[in-house]
Structures are given as structure tokens and as C-alpha cells.
Amino acid sequence: MKSIEQINEKISSGKAVVLTAEEIIDYVDEKGLEQAAKEVDVVTTATFGPMCSSGCFINLGHSKPKMRITEAWLDDVSAYAGVAAVDLFLGATQLQANDPANRDYPGDFRFGGGHVMEKLVAGEEVQLFALSYGTDEYPLKELRTTLTINDLNQCIMVNPRNCYQNYNVAVNTSDKPIHTYLGYLKPHMKNCGYSSAGQLSPLLNDPFYRTIGVGTRVWLAGAQGHVYSEGTQHSPTCERGLLGVPSEGAGTLALTGDMKKMLPEFVRGVSLKGYGISLSVGVGIPIPILDEQMLLQTTIRDRDIMAQVIDYASDYPQRNGRVLGSVSYEELKSGSISLDGQKIEAGGLSSYSKARKIAALLQDEIKTGRFLLTQPIAPLPVEQSMKPLKESSL
Amino acid sequence: MSDEIQTKKLMLYFPECETEKPIVYHLVKDYDLIINIFRARVTPEDEGYLVLDVTGTEEHILQGSEYIRSLGIRIDGVNKGLIWDKDKCAQCGCCVPHCPTNALSIPDRRTMEIVFNTEECIECLSCIKVCPFGAVSSLF
């Protein structure tokens, strides 16, 4: 049994043994659980994919004369100004003004909040346009300027829902193509879309949130951020398989981090044809190997992680709750799955290759003493489920 | 000069030049070439592009290429109308099930990295529609 303090001492002295969630599988096979648990201090997990429910808080600083902003646009993307005089909240899924959306179906959705966030992290200039009604101490009524992230006082990313513990596999049983947030789905289940890093994914390696909790330090697109809460739609009371790994949606994390310290490669605007805008973010989370049980959890393999196949042509939009079947991540990553004897081509939205890169970057930061682990200040709920919207007649 | 039949991909660029000539007809008739056109945008009195495969002997392909150049048309044998930007690609793999020729593929399922094989690309443009990161674009 190790404590996080003991592990941090080893990290600080450069002696910590750190493996990625991919490397640990063979290592435990080779050394045995008992021996490996003594040797290994940390396992790094990671994911990179669209994280709708993302955005950022921006403090602009004051203009001269001052302005109490009531409406604002960054590169013509509306940012919420009802926070404070010069604080804005920019949402990742907000469309650029005058985007035809799906009026010209399927819409292209070329630019939105996620792309503004990408530009900010990349150090590019964005245009600010702001309006106000004017007050005695904030007389300015209109402002147009350009700025980069370095001109902002703060630019703080918030992901109210990130790191979904598992996710649906989307298919289309209808006879027409459909455009979804899991990609373009051909008719008659010719292809499927999925999104998870499988065996590298943070919450699949700590399925009961033993080490990941409120306050856990995370690698958020290169910055050191942290978990500030359970994520929205956190729903841990669910069906679970081997080692307690959920076979459906389940837990989520709410994360925050300083965008000024992020790496452009891991903050990417997403345009999903016919659906809308999102943001792909890279996250890495270290799992301290406190004991053999914790190590065992991190040995989960793609073949043991199951995901539910859902029909996005009818059952998903109509909330019918029907599940067409279950498939493993090993199958999904092979490029095709089999459902009722039909071969279905599989394409991901989550980038396993980027997740591997993040797990290795975090591994290096821990090994070299630049990233220390934290003890959560509060656990994430382990019993909670989502309920549908209450709709009443007026 | 080899008599072996070979196939070469060519991208022709018409910089506001003479385009009334039946180029494909002459390539077939005069140089005994088999032509497979992937994409074309040629409008009179404007610039245009044509992406095609030519199949024939090395000599005939060379002669045919000379004929094309003599009309003031530029030939690019390397680039194609479709461009895959490796740096913009987030390696998600969303495009792979939509690529009919495996020009975009994941050869190593352990690393899950995307590889673009320009030789296999037939410029169907399916990838452009499905790429969430704008990593593929068309010159046309």
C-alpha cells in the first residue's frame, strides 16, 4: 500500500516508475500483479476527442473610457456577456453569426466557438466587437478591436463535461444517410461512429473513481488543470462489465485549466457536417498505483471494454432506449464490427494516436518531476443517474 | 525506353489558355493512351484543372505529355487536386470508412495513425465532407 505523498516523494527525486495505460498491460503480464504493484508508482491515461460542453471564461481588461459590455462577439461568434463588465464566456458549440446552420442541409458549420478557442491557444489574433447601453461610470457604448490570448488578463478553459467514461457506438438503420455528432452515417448500417480512447481512457482505468476526484490535477491540453466537480450527466449507476468498467455512458469529469499554458495541437475546433461545431481537447490523467487492486484496474484491455450500439436514425433521437448490441473496443479499433452477422465499418472521432502521445507526454512530465499528483478533496458521486426532462402541459 | 504498359497520374493546369482542343481525343487517338478522368473543371476563357490517369508505354506517355505542354497546359505529376494536411489531421480515423480505395487508411492498428497514399486517391472527395478538422481540401 502506497500513499500519494510517498509517490510524490519518488516523483520529486526522479525515481518514480511511470508507465502508460497501454504499457502497463504487458508489464503486469510479465511481472505478475504483486511484483508490478510494488514497482510501479503511476499509470498515465489519456484521451483526445470532441468534448461538447466546453468553453472559456475571458477577462478582457478595461477599455478607455470604460465599458460595461452587454453583448460581445469574438470573430463574429457570440460570447455571453452577462457575467460582469469585461468578463465573457465563450461556448465551444456557438455558431458564427449568420451561419446558415442546417437551412442549407447538411450545413458545413465551418467556424464557431471551438475554432475561436483554437485560434486563441495558437496565439492568433481574434476580433472583438462589443456593445453596451452605457452608464455613468462605464460610458463607452461600442468597441471594436483585435487581440491575442496574450492581451487578455485571463483565458480559462472550462469543460463542464469531459472524459465521458464510455460512449455509444452510433449506427443508422434507416434508408437515408444521416449526419450526427458521431459522424456521417451511411444507410443500412454500412458504417458506425464511436468516441473513446478505450484502454487508455482515464475513467475506464479508474472505474469507481478511487483516485480521480474533485481537486485531482490533470494534464489539460498541456496545462496543469484540475477536476473541479463531477461532470454534467455524470451517471455512474449503470451496467458494468469486467473490473467494473461501465458498458455505457456513466461518469464524466468537469475540468478547468489555463488556456495561456495550453498547446495548440491539443485544442482543436471541430466542424461536424449537418450537426454543428464542437471542440476537441486532449486530457491526460495520472492514476497513482496505491495497491494491487488499483493496478489491476489499469490493466483493462480494449477487448474487455464493451460499448453499446445505438440507432441514431430513430432510437437515439426518439429516446427509445433500445440497444442493438454490444461491441468491444478491440473490434471497433480493428476497423469493422459485426452485428447480427453484418459487417459494419468503424471510424472513430476520438484520436487514439493523440491519446497515446498525451499519455507519453504526461509520463515524461511525471518522470522528470514536473507533474506531481494530488489527493482529491472530495470524491465523485458513485451512485447517481440521469433522468429525462420533465415536460408538463401548460 | 520501356515498352511496358504503365499508368501515370497527372494533374493538368490550364492557366487561361486554349482549351477548345479535344485533348483527350488526341491522347487516345494519336498516342494510344488509355485515359481515366477523376476530376475536371475546365471552363472556356478561365483557368481549369483536370486530374487523370494515363496508361500506355513510357514513350507514348512522354509524347502525350509533350503534346499537352505544347498547348500551354502545365502538368504536375506529383501533386493532386486533393490535399491532406498532416499537421491539421488529428488522426481520428473518421474518414477511413468513407474512403473507397483505402487511400486514407490505418495500416498499424496498434498506433492508429492515419496514412494518406496519394497514388490510391481517386478524388471522390468523400473525406472532405466527413473530416471534422478541415485536414483535407481540394485545389479545385
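The values are calculated or read from the model by the stated rules, or taken from the named source; none is laboratory data. Note that the coordinates shown come from a computational prediction; the quantities given were computed from them, not determined experimentally. Reconstructed Cβ throughout: ideal geometry from the backbone, glycine too, with neighbour counts over all protein chains shown. Surface areas here come from the heavy atoms of the whole protein model, side chains and all, with no ligands, DNA or RNA. Shrake-Rupley method; radii C 1.70, N 1.55, O 1.52, S 1.80 Å.
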Exercise. If you line up the Cα atoms of chain A on their principal axes, what length do they span on each, largest first, in Å?
Worked result: 71, 60, 40
Problem set entry | Solvent-accessible area per residue, Å², over the protein assembly as shown with all protein chains present [probe radius 1.4 Å] | 45 Å²
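Largest first, how would A:Asp151, B:Asp3 line up by accessible area (1.4 Å probe)?
Working: A:Asp151 90, B:Asp3 125 Å².
So, going from the largest accessible area down, we get B:Asp3, A:Asp151.
Counting other Cβ atoms within 10 Å, which trypsin sites (Lys or Arg not before Pro) in segment B:1-68 have at most 16 and lie in a DSSP loop?
Loop-located and lightly packed - none at all.
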Exercise. Looking only at other chains, what is the average number of their beta-carbon atoms within 10 angstrom of each beta-carbon in B:129-138?
Worked result: 5
Exercise. Residues with beta-carbon under 14 Å from that of A:Val245, excluding A:Val245: net charge, scoring Lys, Arg +1 and Asp, Glu -1?
Worked result: -2
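Write out the trypsin sites (Lys or Arg not before Pro) in segment B:108-140 meeting two conditions: DSSP loop, and at most 14 other Cβ atoms within 10 Å of their Cβ.
Loop-located and lightly packed - B:Arg109, B:Arg110.
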For this session: Can you grab the distance from the C-alpha centre of segment A:1-76 to the C-alpha centre of segment A:289-329, Å, no decimals?
Result: 23 Å
Exercise. Can you list the aspartates and glutamates whose alpha carbon is less than 15 Å from that of A:Lys186, not counting same-chain residues fewer than 8 positions off?
Worked result: A:Asp175, A:Asp311, A:Glu345
Seminar exercise, completed: Taking GluC sites (Glu not before Pro) in a DSSP loop with at most 11 other Cβ atoms within 10 angstrom as exposed, one finds the longest site-free stretch of chain A at A:138-382
For this session: Would you list which lysines come within 29 Å of A:Lys367, measuring only between C-alpha atoms, while excluding same-chain residues fewer than 8 positions from it?
Result: A:Lys2, A:Lys10, A:Lys15, A:Lys31, A:Lys38, A:Lys260, A:Lys261, A:Lys354, A:Lys357
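Give me the summed buried accessible area for the B-A pair, 1.4 Å probe, to the nearest 100 Å². Present the calculation step by step, with values, prior to reporting the outcome.
On the way: alone 8360 and 17600 Å², together 24160 Å².
In total, this chain pair buries about 1800 Å².
Which order do A:Leu324, B:Leu12 take by accessible area at a 1.4 Å probe, largest first?
Values: A:Leu324 45, B:Leu12 0 Å².
Solvent-accessible surface, decreasing: A:Leu324, B:Leu12.
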Exercise. A:Asp340: accessible area at probe 1.4 Å, nearest 10 Å²?
Worked result: 150 Å²
For this session: Have a look at B:Asn36, B:Trp84, B:Cys95 and report the one farthest towards the positive end of the charge dipole of chain B, computed about the Cα centre with Cβ charges (Lys/Arg +1, Asp/Glu -1).
Result: B:Cys95
For this session: Sort out for me the Cα centre separation of segment A:141-217 from segment A:246-274, rounded to whole Å.
Result: 5 Å
For this session: Kindly report, to the nearest 10 Å², the accessible surface of A:Lys31 as traced by a 1.4 Å probe over protein heavy atoms only.
Result: 80 Å²
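With +1 on each Lys and Arg Cβ and -1 on each Asp and Glu Cβ, and nothing else charged, work out how big the dipole of chain B is about its Cα centre, in Debye to the nearest 20.
Details: 14 positive and 22 negative charges, 138 e Å.
Here the size comes out at about 660 debye.
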Exercise. What's the average, rounded to a whole number, of partner chain beta-carbon atoms within 10 Å of each residue's beta-carbon in A:349-357?
Worked result: 6
Problem set entry | Backbone N within segment B:27-49 under 13 Å of label point (7 Å from B:Asp76 Cα along the Cβ vector) | B:48-49
Seminar exercise, completed: Any lysines whose Cα falls less than 19 Å from that of B:Lys8, other than same-chain ones fewer than 8 residues away, would be B:Lys29, B:Lys80
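At 222 nm, what value in deg cm²/dmol follows for chain A if DSSP H runs of at least 4 each add -39500 (n - 2.57) and the sum is divided by all its residues, to the nearest 500? Before the final figure, lay out the partial values.
Working: 9 runs with 70 residues, N = 394.
Value at 222 nm, helices only, nearest 500: -4500 deg cm²/dmol.
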Exercise. Put +1 on the Cβ of every Lys and Arg and -1 on every Asp and Glu Cβ in segment A:55-157; which of A:Leu74, A:Ala84, A:Asn153 then has its Cα farthest towards the positive end of the dipole?
Worked result: A:Ala84
Exercise. Per residue, how much space in cubic angstrom lies within the convex hull of the C-alpha atoms of chain B?
Worked result: 121 Å³
Seminar exercise, completed: With all protein chains in place and a 1.4 Å probe, A:Ile156 shows an accessible area in Å² (nearest 10) of 60 Å²
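Given a 1.4 angstrom probe, I'd like the percentage of the accessible area of chain A that is carbon and sulfur, rounded to a whole number.
Values: 8060 of 16730 Å².
C and S fraction of accessible area: 48 percent.
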For this session: Sort A:Leu90, A:Leu290, A:Leu372 from largest to smallest accessible area, using a 1.4 Å probe on the heavy atoms of the protein chains.
Result: A:Leu372, A:Leu290, A:Leu90
Exercise. Kirkwood Rh, segment A:144-251, all Cα pairs: how many Å?
Worked result: 16.6 Å
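Rounded to the nearest 20 Debye, what is the dipole magnitude of the protein assembly as shown about its Cα centre when Lys and Arg each give +1 and Asp and Glu each give -1 at the C-beta? Spell out each step's value before the answer.
Working: 51 positive and 67 negative charges, 263 e Å.
Charge dipole of the protein assembly as shown: 1260 debye, to the nearest 20.
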For this session: Treat every Asp and Glu Cβ in segment A:55-157 as -1 and every Lys and Arg Cβ as +1, leave all other atoms uncharged, and give the resulting dipole magnitude about the Cα centre to the nearest 20 debye.
Result: 200 debye
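Just to confirm the filter: which trypsin sites (Lys or Arg not before Pro) across segment A:111-150 are DSSP coil and have at most 16 other Cβ within 10 angstrom of their Cβ? Show your work: numbers first, answer last.
Details: sites: A:Lys119, A:Lys141, A:Arg144; in loops: A:Lys141.
Counting only loop positions with at most 16 other Cβ atoms within 10 Å, the trypsin sites (Lys or Arg not before Pro) in segment A:111-150 are A:Lys141.
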For this session: Please give the direction-averaged projected area of the C-alpha convex hull for segment A:322-375, in square nanometres with one decimal.
Result: 6.3 nm²
For this session: Would you please state which residues of segment A:254-273 a label at A:Asn150 would reach in this model, taking the label point 7 Å out along Cα→Cβ and a backbone N cut-off of under 18 Å?
Result: A:259-265
